[in-house]
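K.L.:
Can you keep this structure in mind? I'll have questions shortly.
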Amino acid sequence: MFAKVLGLAGLALAVWSMTAHPLGAHGDRKVYRVQPYDTLWTIASSHYGGDVRDAIWRIQEANDLADATIHPGQTIVLP
């Protein structure tokens, strides 16, 4: 009986570990709506500390942007 319970608990743990977990588990992400006159530089400098170029690269990667072109009204993810 104990072996069955232990086996079932192990199976449940294995299934739980293979299921998708919310994105919040990998850090907070915000959705930002681009305003007129925004650039990736202004967005990155106002939302991140440190090297702005690194923040721009992370924003581009998170949003699959080919370059730094953004448009008012566009929504982007801030990783």
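Coordinate-derived values only; no laboratory data. Given the structure is predicted, the values throughout are model-derived calculations rather than measurements.
K.L.:
Show the residues, 5+ positions off or on another chain, whose built amide H is closer than 5 Å to the amide H of Gln74.
P.N.:
Counting only residues 5 or more places away or on other chains, the set is Val34.
K.L.:
Can you run phi through the Karplus equation (6.51, -1.76, 1.60; θ = phi - 60°) for the stretch 65-79 and list ³J(HN,Hα) in whole Hz, with x for Gly and Pro?
P.N.:
Residue by residue, the stretch 65-79 yields 8, 6, 8, 8, 7, 9, 10, x, x, 5, 9, 10, 8, 9, x Hz.
K.L.:
Suppose the chain between Met1 and Tyr37 were pulled fully straight at 0.36 nm per residue; how much longer would it get relative to their current alpha carbon spacing?
P.N.:
Length difference between fully extended and current span is 6.2 nm.
K.L.:
Same structure again: Convert each backbone phi in the stretch 36-53 into a coupling constant with the Karplus relation 6.51 cos²θ - 1.76 cosθ + 1.60 (shift: θ = phi - 60°), then list the ³J(HN,Hα) values in order as whole Hz, x for Gly and Pro.
P.N.:
x, 6, 5, 10, 4, 5, 5, 5, 5, 5, 8, 10, 9, x, x, 6, 5, 4
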